[in-house]
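The structure under discussion appears below in the form of structure tokens.
The values are calculated or read from the model by the stated rules, or taken from the named source; none is laboratory data. All values reported here derive from a predicted model rather than from experimental measurement. No Cβ is skipped: glycine too gets one built from the backbone with ideal geometry, and neighbour counts run over all protein chains shown.
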Ligand SMILES: Nc1ncnc2c1ncn2[C@@H]1O[C@H](COP(=O)(O)OP(=O)(O)O)[C@@H](O)[C@H]1O
Ligand SMILES: [Mg+2]
């Protein structure tokens, strides 16, 4: 029994059907972790990108190192670090929040590079034109650069959403009861792993396919010449 | 307990990590070429399995794949050791991503090259091996480098199927000594160092490939 | 004697666009024919169908009397198999506008690769012949160079040698000088001239070099919207074109033709 549901071991199909509600509960956690982690990655990444592009090397270089470090070390170990080290400093977060924090951190390194590449890809002439028009840096970014960078940035950011979905099972390592952990638990208790694990695979496939399809739809509707912010 | 005592077990784990990464990257390259080329085949019997493999392994989580190989397969009588399950899972996963690199690089070769090959009456197979692959290979190397680093990081997940890699050793050591901060810091640094070495190695390999493919002389 | 090439009622479409419709065309063995006409009129398509780079929707092409896109099997005519196409392709060679040399192979290997691996010639024989051909195109000393180290004109001369190495019966040239800087056009045309003189080849050329076409061709065909609107000996086409469209075309490509 799990979450108040019982499994039915009479046949594979009955078993599958009986554990579906449990897996769907795990799926909800998977989706929540994905969304939260992704939002975190989007904001933190923007911050990292801005720091990385700061005029002062004192800011830019350490940021570059942090980004590289986050990109080059395993999510699982970063997760352990947060999960075991934060409490030593009096920060006690629920496992779920620690997990989304780890997802957000690692992916902020990726998204920061996307932002940076997108902004760098705006032709130099645009900066020069803004300068010639005497626009303030804020207005240059808000009205000229960012609107043109968005169509380049969004598709790449979308790809990372799909990646984050696939990385959420790692949170099970710190006892977050997402979909894979639920399946593993069912397997541990029934000694039947094939059905729950295959179902999780299929559910992930559906989730990533649906997300990727939705993203492609969205992408096609993006105006390539840019999106004014106001 | 000091660093000097913590380091040896971590280094033992790092060695396992390095071995697993190397083995699964090589095996993954094999899967990548087979599936990437298969996806471009004129024959459905080759194309469909390639597409299916790529979609399934890119569409699901590596950890799910590892658990499936390690926990589910034995039930139908195929028992893999943690090492085989780990290497197989990692290489199947990275191979699916690599397959898209191979396919993309092959498709990006100039159309004129294919037409010239046909005008000279090369068979499709000769065209692939003699004309297209030598030109596409150098283009594949930078994304392959990224995938190799990705694979190194992914290899940490094999600790969850009881393989004594660096992450596993770190967790183990942490449980025994409770020296959480130094152990996990050292672990992160070791991964970072290995990633730097791997990146450098892949750059070197890229230059070798360019040279061998006749692009630099 | 069978004509070297014969198009019978060929129809070629790209999606909704019909490029050739019931197209008829014949080239005698050893004949040198030049196709001229506005861009988009279907000249390349004719060459590409002959080289089996494009399939056709209807009709048939024959090379030396043998159907290209069909073969007879057990008394019935069926679509050509890959083996049949390979056998037929042996008779045809092509020189491309963009040269399409293999960038990862030396000049010598560009020329010997197909003879060795397609024609199964011994390497020594293939190399001897390749060097002869390089002499013919004036590039003996470039045997070990790589394509990127050559000028456009030199690359195109290598491409001609590469095509000749397969000993085709029919050689196709699709705008062989259009991608070249003006000062290199001459050297490539000279090589084509020489090939035309030394080899008993059937040649079909698409070119915008009107003076060259006039000098080298046995026959000139003016293409207009997928049809051969007018054809004949170069002297007639260039000095006394019958069709207004031909005159118009020649006026645009030969600004001084009014004076001749
Ligand atoms: N692969 C193709 N797909 C669609 N249309 C094509 C293709 N190749 C050629 N065409 C079209 O066919 C027509 C004839 O092209 P082509 O034979 O290349 O003309 P030419 O060589 O006389 O300039 C043109 O309208 C061209 O746009
Ligand atoms: Mg053309």
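Within segment C:166-196, the set of residues being part of a strand (DSSP E or B) and within 16 Å of ligand 2 (Cβ to nearest atom) comprises C:172, C:173, C:174.
Return yes when residue A:88 is within 14 Å of chain B (Cβ to nearest Cβ), in contact with a helix residue (DSSP H, G or I) (Cβ under 9 Å, 6 or more places away or on another chain), in a helix (DSSP H, G or I) and surrounded by 15 or more Cβ atoms within 10 Å (Cβ to Cβ) and no when it is not. Quick ask: steps written out before the conclusion?
Working: within 14 Å of chain B (Cβ to nearest Cβ): yes; in contact with a helix residue (DSSP H, G or I) (Cβ under 9 Å, 6 or more places away or on another chain): yes; in a helix (DSSP H, G or I): yes; surrounded by 15 or more Cβ atoms within 10 Å (Cβ to Cβ): no.
No, not satisfied.
Residue C:103 meets the conditions (1) under 26 Å from residue C:180 (Cα atoms); (2) within 16 Å of ligand 2 (Cβ to nearest atom) in every case but one. The failed one is (2). Do we find that residue C:93 is within 14 Å of another protein chain (Cβ to nearest Cβ), away from ligand 2 (no atom under 16 Å from the Cβ), part of a strand (DSSP E or B) and touching a strand residue (DSSP E or B) at 6+ places or on another chain (Cβ under 6 Å) in this structure? Judged against the criteria, residue C:93 is a match.
Residues that are under 30 Å from residue B:189 (Cα atoms), touching a residue at least 12 places away in the same chain (Cβ under 8 Å) and under 14 Å from the mean Cα position of the chain (by Cα) number at least 3 in the following helices (runs of 4 or more DSSP H) confined to segment B:1-86: B:3-39.
Quick grid of which residues meet (1) under 18 Å from the mean Cα position of the chain (by Cα); (2) at pLDDT below 95; (3) over 17 Å from residue B:12 (Cβ atoms):
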position	(1), (2), (3)
B:143	yes, no, yes
B:162	no, yes, no
B:177	no, yes, no
B:181	no, yes, yes
B:187	no, no, no
B:190	no, no, no
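Picking from residues in segment C:13-58 that are away from ligand 2 (no atom under 16 Å from the Cβ) and within 14 Å of chain B (Cβ to nearest Cβ), the one that is surrounded by the fewest Cβ atoms within 10 Å (Cβ to Cβ) is C:55. Among the residues of segment C:133-142, are any crowded, with 20+ Cβ neighbours inside 10 Å and assigned to a strand (DSSP E or B)? Taking every residue of segment C:133-142 in turn, none turns out to be crowded, with 20+ Cβ neighbours inside 10 Å and assigned to a strand (DSSP E or B).
So, in segment C:1-20, exactly how many residues are outside any strand (DSSP E or B) and over 18 Å from the mean Cα position of the chain (by Cα)?
4
Say whether the condition of being in contact (Cβ under 8 Å) with a residue 24 or more places away in the chain and in contact with a strand residue (DSSP E or B) (Cβ under 9 Å, 6 or more places away or on another chain) is met by at least one residue in segment A:158-173. No: segment A:158-173 contains no residue that is in contact (Cβ under 8 Å) with a residue 24 or more places away in the chain and in contact with a strand residue (DSSP E or B) (Cβ under 9 Å, 6 or more places away or on another chain).
Inside segment C:10-37, residues that are near ligand 1 (Cβ under 7 Å from one of its atoms) and either in contact (Cβ under 8 Å) with a residue 40 or more places away in the chain or under 26 Å from residue C:201 (Cβ atoms) (or both) make up a count of 2. Might you let me know whether segment A:166-175 holds any residue that is surrounded by fewer than 20 Cβ atoms within 10 Å (Cβ to Cβ), within 14 Å of chain B (Cβ to nearest Cβ) and over 30 Å from residue A:126 (Cα atoms)? Checking segment A:166-175: at least one residue is surrounded by fewer than 20 Cβ atoms within 10 Å (Cβ to Cβ), within 14 Å of chain B (Cβ to nearest Cβ) and over 30 Å from residue A:126 (Cα atoms). Summed over segment C:197-209, the residues that are crowded, with 19+ Cβ neighbours inside 10 Å and either in a helix (DSSP H, G or I) or more than 16 Å from ligand 2 (Cβ to nearest atom) (or both) give a count of 3.
Condition check: more than 11 Å from every other protein chain (Cβ to nearest Cβ), surrounded by fewer than 17 Cβ atoms within 10 Å (Cβ to Cβ) and assigned to a helix (DSSP H, G or I). Does residue A:189 satisfy that? When the stated conditions are applied, residue A:189 passes them.
Regarding segment B:103-121, can at least one residue be identified that is within 24 Å of residue B:156 (Cβ to Cβ), away from chain C (no Cβ under 14 Å) and surrounded by 17 or more Cβ atoms within 10 Å (Cβ to Cβ)? For segment B:103-121, residues within 24 Å of residue B:156 (Cβ to Cβ), away from chain C (no Cβ under 14 Å) and surrounded by 17 or more Cβ atoms within 10 Å (Cβ to Cβ): absent. Might you check whether a residue that is at positive phi, surrounded by 14 or more Cβ atoms within 10 Å (Cβ to Cβ) and more than 9 Å from every other protein chain (Cβ to nearest Cβ) occurs anywhere in segment A:204-227? Yes.
Being modelled with pLDDT of 95 or more, under 22 Å from residue B:108 (Cβ atoms), buried (at least 18 other Cβ atoms within 10 Å of the Cβ) and in contact with a helix residue (DSSP H, G or I) (Cβ under 7 Å, 6 or more places away or on another chain) is a property that does not hold for residue B:14. Given the condition in contact with a strand residue (DSSP E or B) (Cβ under 9 Å, 6 or more places away or on another chain), in contact (Cβ under 8 Å) with a residue 60 or more places away in the chain and within 14 Å of another protein chain (Cβ to nearest Cβ), answer yes or no: does some residue in segment C:75-84 qualify? No, because not a single residue in segment C:75-84 is in contact with a strand residue (DSSP E or B) (Cβ under 9 Å, 6 or more places away or on another chain), in contact (Cβ under 8 Å) with a residue 60 or more places away in the chain and within 14 Å of another protein chain (Cβ to nearest Cβ). Residue C:10 is checked against (1) more than 16 Å from ligand 2 (Cβ to nearest atom); (2) crowded, with 22+ Cβ neighbours inside 10 Å; (3) over 15 Å from residue C:204 (Cβ atoms) and fails just one. What number does that condition carry? Tallying (1) more than 16 Å from ligand 2 (Cβ to nearest atom); (2) crowded, with 22+ Cβ neighbours inside 10 Å; (3) over 15 Å from residue C:204 (Cβ atoms), residue C:10 fails exactly one: (3). Residues in segment A:134-176 that are in a loop (DSSP other than H, G, I, E, B) and at pLDDT 90 or above: A:176 alone. When you check residue C:154 against the structure, is it in contact (Cβ under 8 Å) with a residue 12 or more places away in the chain and within 16 Å of ligand 1 (Cβ to nearest atom), yes or no? Here the answer is no, as residue C:154 does not meet what is asked.
Taken together, the residues in segment A:192-223 that are without any contact (Cβ under 8 Å) to a residue 60 or more places away in the chain and part of a loop (DSSP other than H, G, I, E, B) amount to 2.
Given the residues C:135, C:123, C:219, which is the only one that is under 28 Å from residue B:135 (Cβ atoms), more than 16 Å from ligand 2 (Cβ to nearest atom) and more than 14 Å from chain B (Cβ to nearest Cβ)? Steps first, answer last, please.
Numbers: C:135 fails: under 28 Å from residue B:135 (Cβ atoms); C:219 fails: under 28 Å from residue B:135 (Cβ atoms).
Of C:135, C:123, C:219, the one residue that is under 28 Å from residue B:135 (Cβ atoms), more than 16 Å from ligand 2 (Cβ to nearest atom) and more than 14 Å from chain B (Cβ to nearest Cβ) is C:123.
For segment C:38-52, enumerate the residues that are more than 6 Å from ligand 1 (Cβ to nearest atom) and more than 15 Å from the chain's Cα centre (by Cα). First the steps, then the outcome.
Here is the first cut: in segment C:38-52, the ones more than 6 Å from ligand 1 (Cβ to nearest atom) are C:38, C:46-52.
Across segment C:38-52, the qualifying residue is only C:38.
Selection of segment C:96-105 for residues being touching a strand residue (DSSP E or B) at 6+ places or on another chain (Cβ under 8 Å) and within 7 Å of chain B (Cβ to nearest Cβ) yields only C:96.
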